[in-house]
Amino acid sequence: MSADQRPRVFVARRLFPEVVDRLRPHFEVDYREADDPMTAEALMARLQGCAGALIAGTEPINAPLLDACPQLRAVCSMAVGFNNIDVPACTAHGVLATNAPGVLTETTADFGFALMMATARRITESEHWLRAGRWLHWSVDLFAGSDVHGATLGIIGMGRIGQAIARRGALGFGMKVAYHNRSRLPAEEEAALGARYLGLHELLREVDHLVIVVPYSQQTHHLIGAAELDLMKPTATLTNIARGGVVDDAALAQALKARRIAAAGLDVFEGEPQLNPALLEVPNIVLTPHIASASLPTRRAMADLAATNLIAALTGGAPPTALNPEVLERRG
Ligand code: 8YV
């Protein structure tokens, strides 16, 4: 088959070259080897004539874009979170959408746990202080934080990653695990994890360390705001590895400043990569640039899964992690 008979696909971001090379035998590949995000207009223009797109969690795929790109048949993301993709609109336009669940679960859980521990034990706060040359003597309560082992771990969002964090807490650190989720887990799964289901407010009142892993949606926008933070213990910590917007960052900054909770660990932010400047002014916070899934093998596996999905979607195969498989069934 000559190059111009092959379907054209767009790779929206710099990826691993060997993953892009996997696409080349099947497609005419338009590879945008860049890290900066595209505007919606630029994305729309670049997708003209493309049958497929390989994207990350940053490219918005919505009805106006789908209207403007009638040749598009598959959009494959290397992220597990898919709040940037309007899946019902994809389905209505006959566009298969895929995400990348599973391959990042343990890596992301490792990071969520590490961020929670760094927050509880004040690791970055004390490092900044030390680097500033302020360590003059030992003192009895120098950067005394709160214990992780044996404490109550509260998880909001008990999907794959939430459960992997629960296992780390229960089995590795003897934590008492409580969780809140849209739907309750079957009793045997709760028992295996040693996890108790609680209502959101009850959970907030009880937890020592709260870890948020819930997908972002209209329903979870500002799930944690000033009123919810007020319910937490003054010694409690909050860790967000879900999405910016699940937590009201302005309310969180105020709560940290007023010491209404002890500390926070954030990997995701409202409007990232911009940060609410108030977050930078409080010392009792650990900040990381959306890297929870960032081990090299895992990022490679995420990109590989997106490529596998794209190849299958456009060559008559079965994409392993389709969000709207009914589109393929309709294609017959
Ligand atoms: C990605 C993530 O790094 O998978 C997700 O949902 O948040 C991260 O693992 C990011 O979304 C890629 O754009």
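The values are calculated or read from the model by the stated rules, or taken from the named source; none is laboratory data. Nothing here was measured: the structure is a model prediction, and the numbers come from that model. Cβ coordinates were reconstructed from backbone atoms using ideal geometry, including for glycine residues, and neighbour counts include every protein chain displayed. These area figures cover heavy atoms from the full protein model, side chains too; ligands, DNA and RNA do not enter into them. Shrake-Rupley method; radii C 1.70, N 1.55, O 1.52, S 1.80 Å.
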Determine, for each peptide in 170-181, 136-147, 48-59, the mean count of other beta carbons within 10 angstrom over its residues, then list the peptides with the highest first.
48-59, 170-181, 136-147
Relative contact order, percent, segment 105-287 [alpha-carbon distance under 8 Å, six or more residues apart]:
22
Viscosity 0.890 mPa s, 25 °C: Kirkwood-radius Stokes-Einstein D of segment 105-287 over Cα pairs, µm²/s:
149
With 20 Å bins from zero, work out the P(r) of the chain over every alpha carbon pair and list the percent per bin.
30, 51, 18, 1
Protection proxy ranking of 271-278, 182-189 - average other beta-carbon atoms within 10 Å, highest first:
271-278, 182-189
Take the alpha carbon gyration tensor of segment 1-53, find the square roots of its eigenvalues, order them as a ≥ b ≥ c, and report rounded if a/c is under 1.5; if not, report prolate when a/b exceeds b/c, else oblate.
oblate
Report Arg46's accessible area, 1.4 Å probe, all protein chains in place, as a number in Å² to the nearest 10.
80
Listed highest first by mean packing, meaning other Cβ atoms within 10 Å per residue, what order do 72-81, 260-269 come in?
72-81, 260-269
Give the carbon-plus-sulfur fraction of the accessible surface of the chain in %, rounded to a whole number; probe 1.4 Å, heavy atoms of protein chains only.
56
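Using +1 on the beta carbon of Lys and Arg, -1 on that of Asp and Glu, and nothing else charged, what's the dipole of segment 94-176 about the Cα centre, debye to 20? Before the final figure, lay out each step's value.
On the way: 8 positive and 6 negative charges, 14 e Å.
For this selection, approximately 60 debye.
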By how many degrees, between 0 and 90 and to the nearest 10, does the Cα long axis of helix 296-314 differ from the longest principal axis of the chain?
30
Normalised contact order of the chain, rounded percent, pairs of Cα under 8 Å and 6 or more residues apart
18
With every protein chain left in place, what is the accessible area per residue of segment 280-332 in square angstrom, probe 1.4 Å?
48
Across Thr108, Thr308, Thr39, the residue with the highest GNM fluctuation in the chain (Cα network, 10 Å cutoff) is Thr39
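For segment 42-136, what is the accessible area per residue in Å² when the probe is 1.4 Å?
42
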Considering only protein heavy atoms, with the full assembly of protein chains and a 1.4 angstrom probe, order His26, His149, His209 by accessible area, largest first.
His149, His26, His209
